[in-house]
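To start, the structure under review is shown below, and the notes come after it.
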Amino acid sequence: PAAEPGMNRALTWIMIIGGICICIGLWILFKIPNSINSPFKSLVKGILEIANHNYDAKLDLRGDKELEEVSKNFNRMAKRLKDYHNSTISDLMASKRYLETIINSINEPIVGLDNEQIILFINNEALNILNLKREDVIRKSAQEIAMRNDLLRRLIRELYSNRESDGPHEPLKIYADNKESYFQMDNIPLYTNAVGEQERNFIGNLIILNNVT
């Protein structure tokens, strides 16, 4: 009987301390995994942004020195990729303007098609005789445009006939600049070699109309 009050107090303290320990354990159970996973989720999200060419993505991981170092290196990588991307686009645009200048300086009509008959480039002479505007044909299907343009339809027809025969074809009579002119169509198939491979891959056609009037 004398020990019973002390035992009850001991049990009470054990229950109180046990309850506190359980609460702390539950807090640790939810808090620590979240604190560990959160930086990795931010890092994965940043990597996905970079993969989608969003080079403005930034990381701001705080807490551990290692996480801050990861953020610093990630942001530096993103900046370098952005600078490289911008410089590459500038180089490509400069090359594109250079090629367009060369193509437009040629007096013979020229049309460039890819392997799916999409018009990649066309010079001013070709636009003139086809009676088309550049913004209406670039990156458009030549076959779709040919449905409403008789001359382009003839060129596409000649293109397929040239593939089937190596011999010369009759000149095309084209009415342009208020006069009749005769053009001999040359079809130049374009191929490229993949790095380390000898097999050539067909990438399109270059159509040149030589004025033989």
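The values are calculated or read from the model by the stated rules, or taken from the named source; none is laboratory data. On a predicted model such as this, the values are computed, not experimentally measured, just so you know. Reconstructed Cβ throughout: ideal geometry from the backbone, glycine too, with neighbour counts over all protein chains shown. Protein only, heavy atoms only, side chains kept; ligands, DNA and RNA dropped before computing areas. Shrake-Rupley method; radii C 1.70, N 1.55, O 1.52, S 1.80 Å.
Here are some notes:
- Residues located in the range 96-137, provided they are small (Gly, Ala, Ser) and under 18 Å from the mean Cα position of the chain (by Cα): none
- Residue in the range 26-44 that is modelled with pLDDT of 85 or more, assigned to a helix (DSSP H, G or I) and open to solvent by 90 Å² or more (accessible area, probe 1.4 Å) present: no
- Once the range 45-75 is narrowed to residues that are of a type in the set (D, E, K, R) and in a helix (DSSP H, G or I), the residue that is surrounded by the fewest Cβ atoms within 10 Å (Cβ to Cβ) is Lys65.
- Ile106 fulfils the conditions (1) out of contact with any Asp or Glu (no Cβ under 8 Å at 6 or more places or on another chain); (2) surrounded by 12 or more Cβ atoms within 10 Å (Cβ to Cβ); (3) of a type in the set (A, V, I, L, M); (4) closer than 30 Å to Asn123 by Cβ except for a single criterion, (1).
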